[in-house]
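Heads up, the thing below is written out as structure tokens.
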Amino acid sequence: MNATIALILLQDGLTSGLIYGLLALSILLVFLVTRVLWVPAGDFLVLGALTLAVLRQGEVPGTVWILAGLAAVTAIVETWRAWRAGDWRGWPRLIALVVVPSAAAVLATLWLAPQNAPVPVAILLVLALVTPIGFLTYRLVFRPMVDQPTLTLMFVAVAVHYVLTGLGLTAFGSESFRSPPFLPGRLDVGFTRLSYQLLIVLAVSAALMAALGLFFGRTLWGKALRATAMQRFGARLVGIRTESMGALAFTIAALIGAVSGVLIGPMTALYYDSGFLVSLKGFVGTVMAGMASFPLSVLGALLVGLVETGASFYASPFKEAIVFGLLVPFLLWRSAVQIRTRGKGHE
Amino acid sequence: MMKSVAAALVAATAFSAPALAQDIKVGLSGTFSGPNAANGIPYRNAAEVFPKTIAGTGVQWIVVDDATDPTTAVKNARRFVDEDKVDIILGSTSTVTASAMTDVAVEAKTAQIALSPIQIAPAKRPWVFNLPQPVPIMVSAIVEDLKKRKLKSIAFIGYADGWGDLNWNALTAEARKAGIEVTTGERYNRTDTSVTAQVLKVIASSPDAVLVGASGSAAALPQITLKDQGFTGPIYHTHGTVVKAFIDAAGKAGEGALMPTGPVVAAAELPDSNPIKPVSLDFISKYEAKWGKGSASPVAGYAWDAMLLVEAAAKEALKTAKPGTPEFRAALRDALQSGREVAGTNAVYRFTAEDHYGVDERARVLVVVKDGAFRLAK
């Protein structure tokens, strides 16, 4: 291996590491706020990427029908719930939340898609189509089972992953999609050439992470989210509606997934079922950080990306084994730390 | 004309009346959904243009999905022999699912024609036939082409699964025979988002050519990355890549990609003396009448060839036994391995009791991607 190869590998590893890092953020956010292990994180990435690819072909993506169907089902189920409980107080606001953004996104796409919308408009449409799916998933599936044990929630999350994969197959078919690059080519910086795509991924993920940091640190909603993540019961005692926090967490997670999809779409061909492995790698990143810290999760995910690229170069038949094998020493180390701190607590 | 209408009527009544004893029953299990769906669906499409009568007898094509799941494939095979009492089993359309079904076929003494390349164990040979060209025959076309171009070395990048292994093993064996050096063997997964690292390793081993041991549109990722990283030698692919999805996915970077395939792909360019040409053209016109221009593929051709083999065998078997009986199943098997040549769309098949692969070098041509289409490589 020489320096040229090393630099290209580094770029490649960083690019995938950043994408894993974004997913790690969404996985951690959802887990801390709702205790749901966000297995479908990668499916949202795939939905975002495939929707963008189809939009850029000037066609109406199947995501429109997924969203419309999901919104309709949620509206019916919520109406039924309100009717059964005889409690109609929150109903109009809820129905507005369910129907209005979805309907707006669907109609805007149906109108703009056939006219070959310019790239920024297409990206906005992707975000508008994919983000409400996160909110609707929460309302329809996870909110009614908010008190279930973590294990049940995890199995349900796996089920949601399979449903989304199936919907992806019907909406997009079994073939792969790749969107045209936003900026083709590479930037010559003297000692190596940086692909524009990497720079875009770098800029967007940095901006997104900074925005999330500001949101959590400076806004009331962000602080409420953090409070819920730290101590659900305590948060409820001080008047935070933890259920709304769950909805917010799922919406942000879906938004992050959609953004990662937009970023990765032009870099590689994706299939309807490509999301699962990407989720798992983001998950490895969060686990390395003890499922607790956002910045450390991103670092963990970056490490996963770099290790993956290195393993692909040196021992490609074993690369998945090497990446997931990373978990073992980290889990050993974490449990050792945990036992020691617990031991100290007893003294 | 009247005759064919009458035949169609007879066929229609035979089809609607269930379990007519004289109907031939054929069970086809395929990977119409699941990970191998893209490869499996053309078989189902071909089955929809199968004739309703063969060898002058009504035939029921029982087509079921195994979702690329070996357990379901075995269940389907059981259903075929226990409930439907089929005379012959076709399928499945992936190596794993097809291999899983062989036990049931042997146990029920019902012939099985595998529609994806499998390894036939000697104990199973009496009842199991392999229809698609075995991988070594295909890879030998690549090695021959290397010799013709006087190239000395080749690198491999392929799936980290059975398909990748099959091609890797065939390449190392064929290359050793031809004195060609295999510089490196790299692996990736169908859903991987980057193969940059593997491609750099391939290029660093400085081969004259590269074989991509993948299939379908997932073979486009190494093709694009190789071109992107400046590799200029010939890039070969497997016959699993001869689908329109690859051309669509690879775009401009796909131009010049070479792959061995069944002659049906370049049927119109074949010499008139080739017995495969008329069969292929007939299949293409029937298939494309239903599924649109450019839809015919060698994969759909395998299904068509299986139908032709059943037809040829049924002609013989009907002379000695009635469909639905163990005698007919045995007669059908005997007719299949009688050593008679049957021209199909992908090969001239000649099965004998000892050889259940039954194809030779007439079963492949080398094609090149040119202007977004597969053309015979000169």
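Throughout, read-outs are computed from the coordinates displayed, never taken from laboratory work. Here the structure is a predicted model, which means the values were calculated and not measured. Cβ sites come from the backbone with ideal geometry, for glycine too, and all protein chains shown count toward neighbours.
Counting other Cβ atoms within 10 Å, which trypsin sites (Lys or Arg not before Pro) in the stretch A:228-276 have at most 15 and lie in a DSSP loop?
Passing both the DSSP loop test and the Cβ count: A:R241.
Normalised by the residues of chain A, what does the relative contact order come to in percent, with Cα pairs under 8 Å and at least six apart?
Taking the mean separation of contacting Cα pairs over the length of chain A, I get 37 percent.
Need the C-alpha centroid separation for the stretch A:228-267 versus the stretch A:1-67, integer Å.
16
Per residue of chain A, what 222 nm ellipticity follows from adding -39500 (n - 2.57) for every DSSP H run with n ≥ 4, rounded to the nearest 500?
-25500 deg cm²/dmol
Take peptide A:7-15, look around each residue's Cβ out to 10 angstrom, count Cβ atoms belonging to other protein chains, and average those counts.
Going residue by residue through A:7-15 and averaging, the value is 3.
I want to check the label-to-label distance for A:R218 and A:W65. Put each point 7 Å from Cα in the C-beta direction and report it in nm to one decimal.
My value for the distance between the label points is 4.4 nm.
How large is the charge dipole for chain A, taken about the Cα centre, if only the Cβ atoms of Lys, Arg (+1) and Asp, Glu (-1) carry charge, to the nearest 20 debye?
Value, rounded to 20: 1060 debye.
If packing is taken as the average number of other Cβ atoms within 10 Å across a peptide's residues, how do A:85-92, B:362-369 rank, most packed first?
B:362-369, A:85-92
Answer with one residue from B:A123, A:A3, B:G251: the one whose Cα lies farthest towards the positive end of the charge dipole of the protein assembly as shown, charges on Cβ with Lys, Arg +1 and Asp, Glu -1.
Towards the positive end, the residue furthest out is A:A3.
Under a point-charge model restricted to the Cβ atoms of Lys and Arg (+1) and Asp and Glu (-1), what is the dipole moment magnitude of the protein assembly as shown relative to its Cα centre, in debye to the nearest 20?
That gives a dipole near 1460 debye.
With a cap of 10 neighbouring Cβ atoms within 10 Å, and only residues DSSP puts in a loop, list the GluC sites (Glu not before Pro) found in the stretch B:330-365.
Answer by residue number: B:E354.
If one takes the longest principal axis of the Cα atoms in chain B, at what angle in degrees, from 0 to 90 and to the nearest 10, does the Cα axis of helix B:162-178 lie?
Orientation of helix B:162-178: about 70 degrees from the principal axis.
Ordered by packing density, taken as the mean number of other Cβ atoms within 10 Å over each peptide's residues, highest first, how do A:114-124, A:33-43 rank?
Ranked from most to least packed, the peptides come out as A:33-43, A:114-124.
Considering all projection directions equally, how large on average is the shadow of the alpha-carbon convex hull of the stretch B:202-355, in square nanometres?
Convex hull of Cα atoms, orientation-averaged projection: 12.4 nm².
Return the percentage of antiparallel bridges among DSSP beta bridges fully within chain B, rounded to the nearest 5 %.
25
Taking the Cα centre of each part, how many Å lie between the stretch B:357-378 and the stretch B:272-308?
15
Quick one: what do you get for chain A if you divide its Cα Rg by 2.2 N^0.38 Å?
Normalised by 2.2 N^0.38 Å, the Cα Rg of chain A equals 1.02.
Only Cα pairs under 8 Å and at least 6 apart count here; give the relative contact order of chain B as a rounded whole percent.
So the answer I get is 16 percent.
Under a point-charge model restricted to the Cβ atoms of Lys and Arg (+1) and Asp and Glu (-1), what is the dipole moment magnitude of the stretch B:279-378 relative to its Cα centre, in debye to the nearest 20?
Charge dipole, the stretch B:279-378, about its Cα centre: 320 debye, nearest 20.
Could you work out, residue by residue across A:309-320, how many beta carbons of other chains sit within 10 Å of that residue's beta carbon, and then give the average as an integer?
6
If the cut-off is a Cα-Cα distance under 16 Å, which aspartates and glutamates reach B:K244, setting aside same-chain residues fewer than 8 apart in sequence?
Output for B:K244: A:E175, B:E255, B:E288, B:D371.
Residues in the stretch A:41-80 near a label at A:W91, defined as backbone nitrogen under 12 Å from the 7 Å Cα→Cβ point?
Within reach of a label on A:W91, which here means backbone N under 12 Å from a point 7 Å along Cα→Cβ, the stretch A:41-80 contributes A:76-80.
Measure of size requested: the Rg and Dmax of the stretch B:250-319, with Cα atoms as the atom set and Å as the unit; please supply both.
14.9, 55
Under the Kirkwood approximation for Rh and a Cα-based Rg, what ratio Rg/Rh is obtained for chain B?
0.99
Using a cut-off of 27 Å between alpha-carbon atoms, which lysines can reach B:K25, once sequence neighbours fewer than 8 places away in the same chain are excluded?
B:K25 reaches B:K3, B:K52, B:K75, B:K85, B:K109, B:K124, B:K286, B:K290, B:K315, B:K319, B:K322.
If packing is taken as the average number of other Cβ atoms within 10 Å across a peptide's residues, how do A:296-306, B:223-233, A:148-158 rank, most packed first?
Ranked from most to least packed, the peptides come out as A:296-306, B:223-233, A:148-158.
What is the spin-label model distance, in nm, from B:D360 to A:S244 if the labels are put 7 Å beyond Cα along the C-beta direction?
According to this spin-label approximation, the distance is 8.1 nm.
Across peptide B:184-192, how many C-beta atoms of other chains are within 10 Å of each residue C-beta, on average?
What the average comes to for B:184-192 is 6.
Please report the orientation-averaged projected area of the protein assembly as shown, defined via the convex hull of its C-alpha atoms, in nm².
The orientation-averaged projected area of the Cα hull of the protein assembly as shown comes to 38.4 nm².
Would you look at the GNM of chain B, springs on alpha carbons closer than 10 Å, and say which of B:D334, B:D282, B:D192 moves the most?
B:D192
I want the antiparallel fraction of DSSP beta bridges within the protein assembly as shown, as a percent rounded to 5.
35
What relative contact order, as a whole-number percentage, does the stretch B:135-261 give when Cα pairs under 8 Å and 6 or more residues apart are counted?
It rounds to 27 percent for the stretch B:135-261.
Along the charge dipole of the protein assembly as shown, Cβ charges K/R +1 and D/E -1, which of B:G292, A:V304, B:V104 sits furthest on the positive end?
A:V304
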